[in-house]
1. Restricting attention to the range 86-113, and to residues there that are surrounded by 22 or more Cβ atoms within 10 Å (Cβ to Cβ) and β-branched (Val, Ile, Thr), which single residue is farthest from Pro207 (Cα to Cα)?
2. Which of the residues that make up the range 71-100 are in contact with a Phe, Trp or Tyr (Cβ under 8 Å, 6 or more places away or on another chain) and touching a residue at least 40 places away in the same chain (Cβ under 8 Å)?
3. Say whether the condition of being under 17 Å from Leu11 (Cα atoms), acidic (Asp, Glu) and surrounded by 15 or more Cβ atoms within 10 Å (Cβ to Cβ) is met by at least one residue in the range 115-125.
4. Among the residues of the range 160-181, how many are of a type in the set (A, V, I, L, M) and either touching a Phe, Trp or Tyr at 6+ places or on another chain (Cβ under 9 Å) or not in a helix (DSSP H, G or I) (or both)?
5. Criterion first (among the aliphatic types (A, V, I, L, M), assigned to a helix (DSSP H, G or I), open to solvent by 30 Å² or more (accessible area, probe 1.4 Å) and modelled with pLDDT under 95) does Val4 satisfy it?
6. Suppose we filter Gln137, Gln163 for residues that are touching a residue at least 24 places away in the same chain (Cβ under 8 Å), over 30 Å from Glu19 (Cβ atoms), surrounded by 12 or more Cβ atoms within 10 Å (Cβ to Cβ) and not β-branched (Val, Ile, Thr); which single one remains?
7. Going by the conditions given, is Pro174 open to solvent by 40 Å² or more (accessible area, probe 1.4 Å), touching an Asp or Glu at 6+ places or on another chain (Cβ under 9 Å) and not acidic (Asp, Glu)?
8. Within the range 182-230, take every residue that is part of a loop (DSSP other than H, G, I, E, B) and either exposed (fewer than 13 other Cβ atoms within 10 Å of the Cβ) or under 17 Å from the mean Cα position of the chain (by Cα) (or both) and give me the one that is modelled with the lowest pLDDT.
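The values are calculated or read from the model by the stated rules, or taken from the named source; none is laboratory data. Remember, predicted model here, so these are calculated numbers, not experimental data. Glycine gets a Cβ as well: all are built from the backbone with ideal geometry, and neighbour counts include every protein chain shown. Ligands, DNA and RNA are stripped out before the accessible areas are found, and what is left, the full protein with its side chains, is counted by its heavy atoms. Shrake-Rupley method; radii C 1.70, N 1.55, O 1.52, S 1.80 Å.
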Amino acid sequence: MRQVVYGTLRLGIYFNLTEWIKVNRNGGENLGVAQRAGASLVAGSLGSFVGNPCDLALVRMQADTVLPEAERRNYKNVFDAFSRIVSEEGVTSLWKGAVPTMTRAVALNMSMLVSYETAKDAATAAMGPDASPFKIQFGSSMLAAVATAVGSLPFDNIKTKMQKQKAGPDGKMPYPRIADCIRISMAKEGLTGFWAGLPTYYFIVGPPAIITLLAAEQYRKLFGIGQKKN
């Protein structure tokens with residue numbers, strides 16, 4: 001559910017927005033790094049905001065597997081999670097952690113899409129027009145997968161902590177704000193703690209990033225998106 005909503009939106013908005021900029025602002029020329037970063041920011045923010053309820057349910061249901069039985073929420077499925085969150089915490093609670101979720105999405109979108117498009121442009125210029133497009137795309141997607149994992153993990157770390165937190169006996173949340181979460185995490189785990197579990201995280205976001213980028217190339221080729229004008 002999360003990927004259907006968030007993943008589709010962030011990529012669909014990005015590719016349509018960059019195509020619009022290319023045609024209407026750049027006269028058919030490829031976008032620069034700043035333009036790609038801006039498009040990634042818009043697409044990541046909008047997609048993650050709409051998809052936040054799904055992401056919240058996902059994080060809480062995953063957290064149940066490691067919590068003591070007395071502390072588990074025991075949602076039956078994603079729809080039960082939505083229903084109980086609304087009835088027990090209010091409608092706006094579906095957007096708990098929305099700011100760190102959007103921040104993480106922007107970091108992931110920028111890390112993946114900007115690095116991929118920039119690497120692809122550089123490889124195409126260096127290897128010439130006779131080079132295999134697939135080889136360029138595959139190599140660029142491999143680099144982008146690493147950039148995606150390294151660039152987005154600290155934000156994923158913060159997002160996950162804030163979404164799965166529960167109020168203590170005093171009724172206070174461990175992390176009232178993003179700044180508190182960053183400060184407390186830094187004090188407890190140090191700077192490198194933000195990248196804890198990087199190898200595992202790479203296998204969560206890396207392969208999907210490669211597949212997504214290669215599939216997106218086929219989509220753009222099929223519908224003539226992003227093709228250079230003669």
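1. The selected residue is Thr101.
2. Let us first name the residues in the range 71-100 that are in contact with a Phe, Trp or Tyr (Cβ under 8 Å, 6 or more places away or on another chain), namely 81, 84, 94-95, 98, 100.
Passing the criteria: Leu94, Trp95, Ala98, Pro100.
3. Looking only at the range 115-125, we keep the residues that are under 17 Å from Leu11 (Cα atoms), and these are 115-118.
With acidic (Asp, Glu) added as a condition, the list becomes 117.
Then drop every residue that is not surrounded by 15 or more Cβ atoms within 10 Å (Cβ to Cβ), which leaves 117.
Within the range 115-125 (the criterion being under 17 Å from Leu11 (Cα atoms), acidic (Asp, Glu) and surrounded by 15 or more Cβ atoms within 10 Å (Cβ to Cβ)), the answer is yes, since at least one residue qualifies.
4. 3
5. In short, yes.
6. Gln163 is the lone residue from the list that is touching a residue at least 24 places away in the same chain (Cβ under 8 Å), over 30 Å from Glu19 (Cβ atoms), surrounded by 12 or more Cβ atoms within 10 Å (Cβ to Cβ) and not β-branched (Val, Ile, Thr).
7. It is true that Pro174 is open to solvent by 40 Å² or more (accessible area, probe 1.4 Å), touching an Asp or Glu at 6+ places or on another chain (Cβ under 9 Å) and not acidic (Asp, Glu).
8. Looking at residues that are part of a loop (DSSP other than H, G, I, E, B) and either exposed (fewer than 13 other Cβ atoms within 10 Å of the Cβ) or under 17 Å from the mean Cα position of the chain (by Cα) (or both), I get Asn230.
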